[in-house]
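A.B. asks: First, the structure itself, so that you have it in front of you.
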Amino acid sequence: MNNKQMQVKYRCPSNIALVKYWGKKEGGVQLPANASISWSLSDLYAETTMIATTGVGPKLTFTFKGESKPSFEPKILAFLERISEYSDFVKTHNFIVDTVNNFPHGTGIASSAAGFGALAMCIADLEGKFENGSSEFFERASFFSRLGSGSASRSVYGKPAVWGEHPEILNSSDLYAVPFEKEIHNSLSNWKDCVLIVDDGEKKVSSTAGHALLENHPYAAARFANAQKNISEITQCLESGDVVNFIALVESEALQLHSMMMSSIPYFTLIRPNTLAILEEIWTFREETNLPLAFTLDAGANVHLLYDKQNENEILNFIDNKLLIYCKNGTYLCSNIGGTPQKIA
Ligand code: PMV
């Protein structure tokens, strides 16, 4: 039998959640306890090349920037094995995968959303089950991404993406993310994100372990209910352009995420003293200038500074004058919001 070989390459952006996913539902693989919504970050991305050859699979040869990375392989093979339950294509192929991120390794930026997103796009494309670019195609890619990392399910759309069932989001699902189809108000349609690198080390507690701690968490039910409510409110802000409430909700979500970590049993912290110093500076700056900017946090110490692009000069001056001293090696990385995955010739 001839071994058929196919190759594809995708670039997929990372994303930052405005309303956070933290905690899973029981009874399935990577089902979120509440809905989340994110902006994708077009300038922080992964590029993945995948070569698929027919054969009993899935088998994997993985390289990162062309170099072998044995420590990454088990996670990606487990991802392919999960997908193979839903895809005969994955069951009947072997894969050679090379991935590269455009942001420096070791900046503490979560690369899994971009990485799994790019892998999932490659598989959905090679599998050829749905027409590339159709809504079924993106749903399938999002479904696959979710099986690698929940937050990755939101990386396949350029528009804001919602993952998790929510009564007010049409066609929303726990199985895959959907694009937020309503028109975004001008005052929130052209923002940027600068990620201030506070800590570039390995996380003390992985996301997987963090999610699991929600199972017996004293405040879990209240948190999940509040996140559902915040989805309703933040989507209204995006439509109406209520920037003041948008900022309040985004910052509250970030602090709730970290409060859940601090009140887990066992408890832990991922923010560092410099994280808090930056938040204080942001609040002072906002009070003094009245400029619209908000912070949010991922599962880590770094601060995402979200701001309206029209104020870029003022914000970059603010970063340079006040925030740089709190950044590891003075590092921060800026990105536009938006950007769908792209197939690379
Ligand atoms: O996708 P995971 O399992 O790495 O979870 C990440 C969750 C947060 O980044 C903290 C929040 C989110 O919704 O992206």
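A.B. asks: Please express the shape of segment 46-138 as an equivalent ellipsoid: the semi-axes are the square roots of 5 times the eigenvalues of the C-alpha gyration tensor, given largest first in whole angstrom.
C.D. replies: 22, 17, 11
A.B. asks: Another question, then. Could you tell me which residue out of PRO74, THR99, SER40 lies farthest along the dipole of the chain toward its positive end? Charges go on the beta carbon: Lys and Arg +1, Asp and Glu -1, centred on the Cα centre.
C.D. replies: Towards the positive end, the residue furthest out is PRO74.
A.B. asks: Another question, then. Which one of GLN236, GLY158, THR49 is farthest out on the positive end of the charge dipole of the chain, using unit charges on Cβ (Lys, Arg +1; Asp, Glu -1) and the Cα centre as origin?
C.D. replies: THR49
A.B. asks: Would segment 133-215 count as rounded, prolate or oblate if I go by the C-alpha gyration tensor, calling it rounded below 1.5 in a/c and otherwise prolate when a/b exceeds b/c, oblate otherwise?
C.D. replies: oblate
A.B. asks: Each label point is 7 Å from the Cα along the Cα-to-Cβ direction; what then is the distance between the points at MET262 and ALA212, in nm?
C.D. replies: Label-label distance for MET262 and ALA212, simple model: 2.5 nm.
A.B. asks: So for the chain, averaging the separation of alpha carbon pairs under 8 Å that are six or more residues apart and normalising by length, what relative contact order in percent results?
C.D. replies: So the answer I get is 24 percent.
A.B. asks: On to the next question. GLU67 to ILE325: FRET efficiency via 1/(1 + (r/R0)^6), r the Cβ-Cβ distance, R0 25 Å, to the nearest 0.05?
C.D. replies: Approximately 0.15, to the nearest 0.05.
A.B. asks: Let me ask you something else. Which value in Å is the Kirkwood Rh of segment 168-291 over different Cα pairs? It would help to have the intermediate numbers written out before the result.
C.D. replies: Details: mean 1/r = 0.0589 Å⁻¹.
Roughly 17.0 Å, rounded to one decimal.
A.B. asks: Can you compute the FRET efficiency between TYR219 and GLN310 using 1/(1 + (r/R0)^6), with r the Cβ-Cβ distance and R0 = 35 Å? Round to the nearest 0.05.
C.D. replies: For TYR219 and GLN310, the calculated efficiency is 0.35.
A.B. asks: Here's another thing I want to ask about it. In this model, which of LYS9/LYS59; LYS24/LYS229; LYS182/LYS203; LYS75/LYS343; LYS9/LYS91; LYS159/LYS204 are farther than 26 Å apart at the alpha-carbon?
C.D. replies: From LYS9/LYS59; LYS24/LYS229; LYS182/LYS203; LYS75/LYS343; LYS9/LYS91; LYS159/LYS204, over 26 Å: LYS182/LYS203; LYS159/LYS204.
A.B. asks: Another one. Taking the Cα centre of each part, how many Å lie between segment 186-264 and segment 306-335?
C.D. replies: Cα centroid of segment 186-264 versus Cα centroid of segment 306-335: 21 Å apart.
A.B. asks: Any number yet on Rg/Rh for the chain, C-alpha, Kirkwood?
C.D. replies: 0.96
A.B. asks: Is there a quick way to get the dipole size of the chain? I mean about its Cα centre, with the Cβ of Lys and Arg at +1 and of Asp and Glu at -1; what is the value in debye to the nearest 20? Spell out each step's value before the answer.
C.D. replies: Working: 29 positive and 38 negative charges, 197 e Å.
So the magnitude is around 940 debye.
A.B. asks: What FRET efficiency comes out for the pair GLU287/ILE96, r = Cβ-Cβ distance, R0 = 45 Å, nearest 0.05?
C.D. replies: The pair GLU287/ILE96 has a calculated efficiency of 0.25.
A.B. asks: Using the Cα centre of segment 299-345 as origin and beta-carbon charges of +1 (Lys, Arg) and -1 (Asp, Glu), tell me which of ASN313, THR340, TYR326 is placed farthest towards the positive end of the dipole.
C.D. replies: THR340
A.B. asks: Same structure again: What is the magnitude of the charge dipole of segment 165-315 about its Cα centre, with +1 placed on the Cβ of each Lys and Arg, -1 on the Cβ of each Asp and Glu, and no other charges, expressed in debye to the nearest 20?
C.D. replies: 400 debye
A.B. asks: Computing the accessible area with a 1.4 Å probe over protein heavy atoms, can you report the carbon and sulfur percentage for segment 81-161?
C.D. replies: 49 percent
A.B. asks: Right, here's the next one. In segment 191-345, carbon and sulfur make up what percent of the accessible area (probe 1.4 Å)? Kindly include the intermediate steps, with their values, before the conclusion.
C.D. replies: Numbers: 3680 of 7260 Å².
So the carbon and sulfur contribution to the accessible surface is 51 percent.
A.B. asks: Separate question: Could you pull the Rg and Dmax for segment 1-79, using just the Cα atoms, both in Å?
C.D. replies: 16.8, 50
A.B. asks: For the chain, what does the accessible surface come to per residue with a 1.4 Å probe? Please give it in Å².
C.D. replies: Result: 44 Å² of accessible area for each residue.
A.B. asks: Something else: Using only the alpha-carbon atoms, what does segment 67-209 span along each of its principal axes? Please give whole angstrom values in decreasing order.
C.D. replies: 46, 42, 27
A.B. asks: Counting only complete DSSP H runs, which helices of the chain cover 18 Å or more along their long axis at the Cα atoms and score a mean Kyte-Doolittle of -0.5 or above?
C.D. replies: Span-like helices, by this rule, are 112-127, 135-148, 220-240, 243-262, 273-289.
A.B. asks: Taking 7 Å along the Cα-to-C-beta vector as the label spot, tell me the ALA345-TYR86 distance in nanometres, rounded to one decimal.
C.D. replies: 3.2 nm
A.B. asks: Might you list the cysteines of the chain that have no disulfide-compatible partner by the rule of another cysteine's Cβ under 4.7 Å?
C.D. replies: When partners are defined as cysteine Cβ atoms under 4.7 Å apart, the chain leaves CYS12, CYS122, CYS237, CYS327 without one.
A.B. asks: How much accessible area does MET6 have with a 1.4 Å probe, in Å² rounded to the nearest 10?
C.D. replies: Approximately 50 Å² of MET6 is accessible to the 1.4 Å probe.
The values are calculated or read from the model by the stated rules, or taken from the named source; none is laboratory data. All figures in this text were calculated on a predicted structure; none of them were measured in a lab. Because the Cβ atoms are built from the backbone with ideal geometry, glycine has one as well, and the counts that use them run over all protein chains shown. When the accessible area is computed, the model is the full protein with side chains, heavy atoms only, and any ligands, DNA or RNA have been set aside. Shrake-Rupley method; radii C 1.70, N 1.55, O 1.52, S 1.80 Å.
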